[in-house]
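Contents: one structure, followed by commentary.
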Amino acid sequence: SLEAIGTIRQNNVNPIMKPLYKKPLLLHQGYMQWLFDNDGKRYLDMFGGICTVSVGHCHPKVTDAAFNQWNKLVHTSSLFQHPKLYEYSQKLADKMPGDLKVVYLLNSGSEANDLAILLARLYTGNNEILSLKNCYHGMSYQTMGLTSLANYKYKVVPPPAIHNVMNPDVFRGIWGGSNCRDSLAQTSRHCSCREKECEACDNYIRMLKSEFQSTVGPGKLAGFFAESIQGVGGAVQFPRNYIKEAYKIVKENNGLFISDEVQTGIGRTGDHFWGFESHGILPDIVTMAKGIGNGFPMSAVVTTKEIATTLTTGSHINTFGGNPIASAVGLAVLDIIEEEQLQENSKEVGSFLITELDKMRKRFPNIGDVRGKGLMIGVEMVENDGKMTPMSPTNFDDLLDKCREMGLILGVGGYNRNVIRLKPPMCITKEDASFALEVIEKALKSQL
Ligand code: PMP
């Protein structure tokens, strides 16, 4: 019962675990884009367990792949070989452009980014690592330093030589700096520099260069981490040329560019299989997790042969990484994305959602910004004061609760925790999207 759970929560569950809703939601079952609670009530899942259920809850093909493997062989450790690891590594490598062909299989996004830090430091011989403000790259001791969202920062000494530098956000401007949107605000409520050249956006690059000088300095960079679209940070989409320019700075200083595709990978952004492809760059290292396992804990790092050779000196042991079941699940997920054309579906349903949400933005002053690509969407909620004041937690939670009552689960994110995140399983249909839009509109109307 919910009462029993309340008591166990108080006494036996770590107090950090923070459920989304005040009134607990006890989930018993999932099927594709749907979740079912303890009363059998059905919800459309527009968050996919934090952008993780990529092809659908309990997709029958994933379930079959896992159980078939479970009946044959569950664990080998990295001491022995099994065929699924080879099949999966090859299939994943085939999905990568350029020389990104060496695959490490691990267990979580944090672990993947930890390994990327190690590779970058070993390969370059440098120590300094850069990540952007408002980013999330994990919660292990090293990646805690990469993650810069204040909500996830502890007041202990951070890992050394990791710097969080300015972040471009065309809605809110440079974090802590001058605001791109300010210069456009007179003429347009909504800055459109994500699509167009914007003179003010050059400031972002200028500021990044200056912060690079003051934190790392020439010739000392090991690696630069960026998500293609910031996920936990609230689907923050960069100005058009920003990543390309950042890439140039990294290359001029002999550093490695690491693309964290934990949320943006495997077709979710619609136009491309990997988010970085939309920025026209070829990273040196790509990290991924979440959606590659459709809910099964697994992650991967992909890099070039040349970079991979630097690890041999210390070896790299991982008990569970590349586990037979994980490899079988990963293979099934990649097959399903192809067979069911889920990248194409993400593009189509995502574009529909973004267009319709943007129309809604014009009708509801509480919607400050609509952004994203494919099924990686953010809707930033504000107070109706014309000042972009983040929507109050009371109003925001009320909105989420109302949607839940009407059978819709939404995600949450952003520095101010005022961004609705829509990252559903990629199998959702236009009808599902229309249902989600209807519910959100009803909830907004009830707040007027
Ligand atoms: N990178 C990104 C972009 C993420 O969103 C996350 C998780 N939210 C991570 C890394 C860390 O993944 P994990 O929780 O599996 O360690």
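The values are calculated or read from the model by the stated rules, or taken from the named source; none is laboratory data. Everything numeric in this text was worked out from a predicted model, so none of it was measured. Quick reminder, even Gly has a Cβ in these numbers, built from the backbone with ideal geometry, and neighbours come from all protein chains shown.
Scan segment 289-308 residue by residue and report those that are under 14 Å from Asp99 (Cβ atoms) and crowded, with 24+ Cβ neighbours inside 10 Å.
Correct list: Val302, Thr303.
Among residues belonging to segment 108-135 that are polar (S, T, N, Q) and surrounded by fewer than 21 Cβ atoms within 10 Å (Cβ to Cβ), point out the one that is nearest to the chain's Cα centre (by Cα).
Filtering first and then ranking leaves Ser108.
Would segment 201-213 turn up any residue that is at pLDDT below 95 and either within 16 Å of the ligand (Cβ to nearest atom) or in a loop (DSSP other than H, G, I, E, B) (or both)? Full working, then the answer.
Taking segment 201-213 as the starting set, the residues that turn out to be at pLDDT below 95 are 201-213.
Now restrict to residues that are either within 16 Å of the ligand (Cβ to nearest atom) or in a loop (DSSP other than H, G, I, E, B) (or both): none.
Within segment 201-213, not a single residue is at pLDDT below 95 and either within 16 Å of the ligand (Cβ to nearest atom) or in a loop (DSSP other than H, G, I, E, B) (or both).
Quickly run through segment 275-296 and pick out the residues that are within 13 Å of the ligand (Cβ to nearest atom) and either in a helix (DSSP H, G or I) or free of Cβ contacts under 8 Å to residues at least 12 places away in the same chain (or both).
Those that are within 13 Å of the ligand (Cβ to nearest atom) and either in a helix (DSSP H, G or I) or free of Cβ contacts under 8 Å to residues at least 12 places away in the same chain (or both): Gly275, Phe276, Lys290, Gly291, Ile292, Gly293.
How do the pairs read when you match residues in segment 22-47 that are without any contact (Cβ under 8 Å) to a residue 24 or more places away in the chain with residues anywhere that are hydroxyl-bearing (Ser, Thr, Tyr), using Cβ under 8 Å and keeping only pairs 6 or more apart or on different chains?
Pairs that qualify, where the first residue is without any contact (Cβ under 8 Å) to a residue 24 or more places away in the chain and the partner is hydroxyl-bearing (Ser, Thr, Tyr), are Trp34/Tyr43; Phe36/Tyr43; Asp37/Tyr43.
For segment 51-150, give me every one of the helices (runs of 4 or more DSSP H) that falls completely inside it and has 1 or more residues that are without any contact (Cβ under 8 Å) to a residue 60 or more places away in the chain, touching a Leu at 6+ places or on another chain (Cβ under 9 Å) and within 16 Å of the ligand (Cβ to nearest atom).
Result: 109-124, 141-146.
Are any residues in segment 220-249 away from the ligand (no atom under 16 Å from the Cβ) and either closer than 21 Å to Asp369 by Cβ or without any contact (Cβ under 8 Å) to a residue 60 or more places away in the chain (or both), and if so, which ones?
Pro239, Arg240, Asn241, Tyr242, Lys244, Glu245, Ala246, Tyr247, Lys248, Ile249, listed by residue number.
Do we have Asp401 as touching a residue at least 60 places away in the same chain (Cβ under 8 Å), in the same structural domain as Met46 (by TED's automatic domain parsing), farther than 30 Å from Leu85 by Cβ and touching a His at 6+ places or on another chain (Cβ under 8 Å) here?
No, not satisfied.
Within segment 348-382, how many residues turn out to be in contact (Cβ under 8 Å) with a residue 40 or more places away in the chain, under 19 Å from the mean Cα position of the chain (by Cα) and over 17 Å from Gln33 (Cβ atoms)?
Going through segment 348-382 one residue at a time, the tally reaches 8.
Counting residues that are β-branched (Val, Ile, Thr), closer than 17 Å to Met46 by Cα and at pLDDT 95 or above, which strands (runs of 3 or more DSSP E) fully inside segment 360-415 reach at least 2?
Result: 376-381.
All but one of (1) closer than 21 Å to Gly233 by Cα; (2) touching a residue at least 24 places away in the same chain (Cβ under 8 Å); (3) within 22 Å of the chain's Cα centre (by Cα); (4) surrounded by 17 or more Cβ atoms within 10 Å (Cβ to Cβ) hold for Arg417, so report the exception by its number.
(4)
Is there a residue in segment 272-288 that is surrounded by fewer than 22 Cβ atoms within 10 Å (Cβ to Cβ), in contact with a helix residue (DSSP H, G or I) (Cβ under 9 Å, 6 or more places away or on another chain) and over 26 Å from Leu334 (Cα atoms)?
Among the residues of segment 272-288, not one is surrounded by fewer than 22 Cβ atoms within 10 Å (Cβ to Cβ), in contact with a helix residue (DSSP H, G or I) (Cβ under 9 Å, 6 or more places away or on another chain) and over 26 Å from Leu334 (Cα atoms), which makes the answer no.
From the residues in segment 250-269 that are touching a strand residue (DSSP E or B) at 6+ places or on another chain (Cβ under 9 Å) and outside any loop (DSSP other than H, G, I, E, B), which one is farthest from the ligand (Cβ to nearest atom)? Please lay out each step first, then the result.
Taking segment 250-269 as the starting set, the residues that turn out to be touching a strand residue (DSSP E or B) at 6+ places or on another chain (Cβ under 9 Å) are 250-251, 253-266, 268-269.
Subsequent filtering for residues that are outside any loop (DSSP other than H, G, I, E, B) retains 250-251, 256-260.
On the way: Val250: 18, Lys251: 23, Leu256: 17, Phe257: 15, Ile258: 11, Ser259: 10, Asp260: 5 Å.
Looking at the filtered set, the residue picked out is Lys251.
If you check His272, His316, which single one turns out to be under 27 Å from His75 (Cβ atoms), away from the ligand (no atom under 16 Å from the Cβ) and either assigned by TED's automatic domain parsing to the domain that holds His75 or not aromatic (Phe, Trp, Tyr) (or both)?
Exactly one of His272, His316 is under 27 Å from His75 (Cβ atoms), away from the ligand (no atom under 16 Å from the Cβ) and either assigned by TED's automatic domain parsing to the domain that holds His75 or not aromatic (Phe, Trp, Tyr) (or both), namely His316.
Would you be able to say whether some residue in segment 309-326 is among the polar types (S, T, N, Q), crowded, with 24+ Cβ neighbours inside 10 Å, outside any helix (DSSP H, G or I) and in contact with a strand residue (DSSP E or B) (Cβ under 7 Å, 6 or more places away or on another chain)?
No, that holds for no residue.
Can you tell me how many residues in segment 151-168 are closer than 11 Å to Phe225 by Cβ and within 12 Å of the ligand (Cβ to nearest atom)?
0
Determine the pairs where a residue that is buried (at least 17 other Cβ atoms within 10 Å of the Cβ), located within segment 385-396, has a partner that is among the charged types (D, E, K, R) and in a helix (DSSP H, G or I) with Cβ atoms under 9 Å apart, the partner being 6 or more residues away or on another chain.
These pairs meet every condition: Met388/Arg181.
Kindly check whether there is at least one residue in segment 278-288 that is farther than 19 Å from Asp94 by Cβ, at pLDDT below 95 and among the β-branched types (Val, Ile, Thr).
Looking through segment 278-288, none of the residues is farther than 19 Å from Asp94 by Cβ, at pLDDT below 95 and among the β-branched types (Val, Ile, Thr).
For segment 9-46, name all the residues that are among the polar types (S, T, N, Q) and either surrounded by 10 or more Cβ atoms within 10 Å (Cβ to Cβ) or in a strand (DSSP E or B) (or both).
Result: Gln29, Gln33, Asn38.
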